[in-house]
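No lab work stands behind these numbers, since they all come straight from the coordinates. Quick caveat, the model's predicted, so the values are computed rather than measured. Here the Cβ is made from the backbone with ideal geometry for all residues, glycine too, and neighbour counts use every protein chain on show.
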Amino acid sequence: MKYHKSVNLTSNLFCYIWQGMGNNCNTSILTGLLQGDKPHVIIDPGHIVNESSEGCFESLEESMKGDKIKIEDIGLIINTHSHPDHCQANELIINRSGASVTLSKEEDDFRTTIGERMYTMFGMKPPRFTPLFHLKEGAMDLGKDGFKIQVFLTPGHSPGSVCLYLPDTKVLITGDVVFFMSVGRTDFPGGSTILLKKSIERISQLDAEYLVPGHNTEPNGIIQGKDRIKRNFAAVQEYF
Ligand SMILES: [Zn+2]
């Protein structure tokens with residue numbers, strides 16, 4: 001069963017927009033970016049199966065197949081943050097492709113302490129993986145052709161959430177920091193409304209043409225166009 005809508009946003013960026021009934025995140029894949037035989041980078045692979053028994057990972061793989069992208073060719077997993085609906089499927093990808101994982105140090109520390117206790121308390125299996133390195137604020141130079149991903153540490157929804165900005169194509173991937181007319185929850189352990197406001201203020205300054213949120217609050221998922229993105233930031237900043 002396919003619950004994702006595939007959007008080929010720019011030449012090497014595929015977004016998989018979640019369309020199921022239950023909860024899961026949107027996933028993005030940057031293709032052909034890394035040196036070697038596993039050149040793809042996946043951002044937030046999401047759940048394996050969600051609370052509505054929807055096969056999230058199965059659906060993702062099915063949708064990827066339509067774009068001729070194989071799990072086995074993924075070399076790196078980037079997690080915007082460590083909530084299970086963003087990184088539960090890490091382990092399946094690691095098992096299949098041997099991919100490395102990265103997330104911020106702040107988020108990794110949270111995940112392995114308070115996060116782990118929280119997920120267990122809610123009856124969820126805490127995501128298990130060992131990151132190869134930690135994401136740091138600034139330019140991450142991964143690409144074989146000088147492709148750059150700009151990392152912004154944007155705490156608030158979780159202690160070490162990051163947003164990713166692709167300067168060449170003006171794509172902003174926000175995880176659960178900001179959505180269409182909405183923002184990430186701050187009532188989970190490790191959340192902070194004050195920090196979230198500051199984080200949103202920072203990323204609202206970026207010159208973005210596409211905003212890819214971690215979840216959909218409108219049917220099309222992706223917010224397109226500089227003016228719409230600016231209006232969206234203005235609206236959420238006004239509201240909060
Ligand atoms: Zn989250």
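Sorting check: for 93-106, 42-55, which peptide has the highest mean count of neighbouring beta carbons within 10 Å, and how do the rest follow?
Answer by packing, highest mean first, reads 42-55, 93-106.
Could you tell me whether segment 4-239 comes out rounded, prolate or oblate from its Cα gyration tensor? Rule is a ≥ b ≥ c as square roots of the eigenvalues, rounded for a/c under 1.5, then prolate if a/b exceeds b/c, otherwise oblate.
rounded
Grab the Cα-Cα distance for Arg202 and Glu218, subtract it from 0.36 nm times how many residues apart they are, and report the gain in nm with one decimal.
In short, 3.4 nm is gained.
Please compute the net charge surrounding Ile93, taking Lys and Arg as +1 and Asp and Glu as -1 over other residues with Cβ under 10 Å from its Cβ.
Taking every Cβ under 10 Å from that of Ile93, the sum is -2.
Excluding Ile173 itself, what net charge comes from residues whose Cβ is under 14 Å from its Cβ, given Lys and Arg +1 and Asp and Glu -1?
Once all neighbours under 14 Å are counted, the net charge is -2.
For Met1, what charge total do you get from the other residues with a beta carbon under 11 Å from its beta carbon, if Lys and Arg give +1 and Asp and Glu give -1?
Counting the neighbours of Met1, the net charge comes to -2.
Let me have the 222 nm mean residue ellipticity of the chain computed from DSSP H runs of 4+ only, each contributing -39500 (n - 2.57), with the sum over all residues rounded to the nearest 500.
So the helix-based figure for the chain works out to -7000 deg cm²/dmol.
Taking neighbour counts of Cβ atoms within 10 Å as a proxy for exposure, in what order, fewest first, do Leu92, Leu196, Leu132 appear?
Leu132, Leu92, Leu196
Which whole-number percent is the relative contact order of segment 62-187 (Cα, under 8 Å, 6+ apart)?
Once divided by the residue count of segment 62-187, the mean separation gives 20 percent.
Apply 1/(1 + (r/R0)^6) to the Cβ-Cβ distance of Ala139 and Asn8, taking R0 = 25 Å, and write down the FRET efficiency to the nearest 0.05.
0.50
Over segment 4-239, what is the mean sequence separation of C-alpha contacts under 8 Å (at least six apart), divided by residue count, expressed as relative contact order in percent?
In percent, rounded to a whole number, it is 14.
Calculate, in nm to one decimal, what Ser182 and Leu132 gain on full extension: separation in residues at 0.36 nm each, minus their alpha carbon distance.
14.7 nm
For Thr113 and Met21, what is the calculated FRET efficiency with R₀ set at 30 Å and r taken between the beta-carbons, to the nearest 0.05?
0.40
Normalised by the number of residues in segment 1-76, what is the relative contact order in percent for Cα pairs under 8 Å and 6+ residues apart?
This gives 29 percent for segment 1-76.
Quick one: of Lys38/Lys136; Lys5/Lys70; Lys2/Lys170; Lys144/Lys226; Lys136/Lys197; Lys198/Lys230, which pairs are farther than 25 Å apart, Cα to Cα?
Violating the 25 Å Cα-Cα cut-off are Lys2/Lys170; Lys144/Lys226.
Between segment 12-43 and segment 45-116, how far is it from one alpha carbon centroid to the other, in angstrom?
Using only Cα atoms, the two centres lie 10 Å from each other.
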